[in-house]
Amino acid sequence: MIGREAVKSPWIFRSCADLLRGEHREYELPVHELFITVLRDIQLYLPEKLHKSRGHRFCRYYSKNAYFSHDLFTKIRREDTIDGMICVVDDYFGRNPHEKTRKEIHACG
């Protein structure tokens, strides 16, 4: 369960550490930027034959950070290349700029 959440919310470990230390934090999370960074890393570090499957696997979880996640992921699933997936993601956040970043507050007590 933690593995899937870590793909959807890679900041979870920092949040857990803060909570364990009893710290209150507010984060501004670069949702769009992180999406593109991971897709580019898949493209850079994995063999091309794995791009489609690993890109889709990551997007299945991470797209849940978008309000219209089902629509976004449905469009991503139609793409066979990382560049195509990135175009879909950029288009989505271009139409929904208010979702590019997200604020989260972690408080104890």
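No lab work stands behind these numbers, since they all come straight from the coordinates. All of these numbers come straight from a predicted model, not from anything done at the bench. Here the Cβ is made from the backbone with ideal geometry for all residues, glycine too, and neighbour counts use every protein chain on show.
Footprinting exposure proxy ranking of VAL88, VAL31, fewest other C-beta atoms within 10 angstrom first, gives VAL31, VAL88.
Normalised by the number of residues in the range 2-106, what is the relative contact order in percent for Cα pairs under 8 Å and 6+ residues apart? If you can, show how the numbers build up before the last one.
Numbers: 100 pairs, mean separation 44.6, N = 105.
It comes to 42 percent, rounded to a whole number.
Compared with the dominant principal axis of the Cα atoms in the chain, helix 31-45 is inclined by about 50°.
Straight-line reach from LYS49: which lysines have a Cα under 26 Å away, not including same-chain ones fewer than 8 places off? Straight-line reach from LYS49, under 26 Å: LYS8, LYS64, LYS75. With neighbour counts taken as other beta-carbon atoms within 10 Å, the residues HIS56, HIS51, HIS24, HIS32 rank, fewest first, as HIS24, HIS56, HIS51, HIS32.
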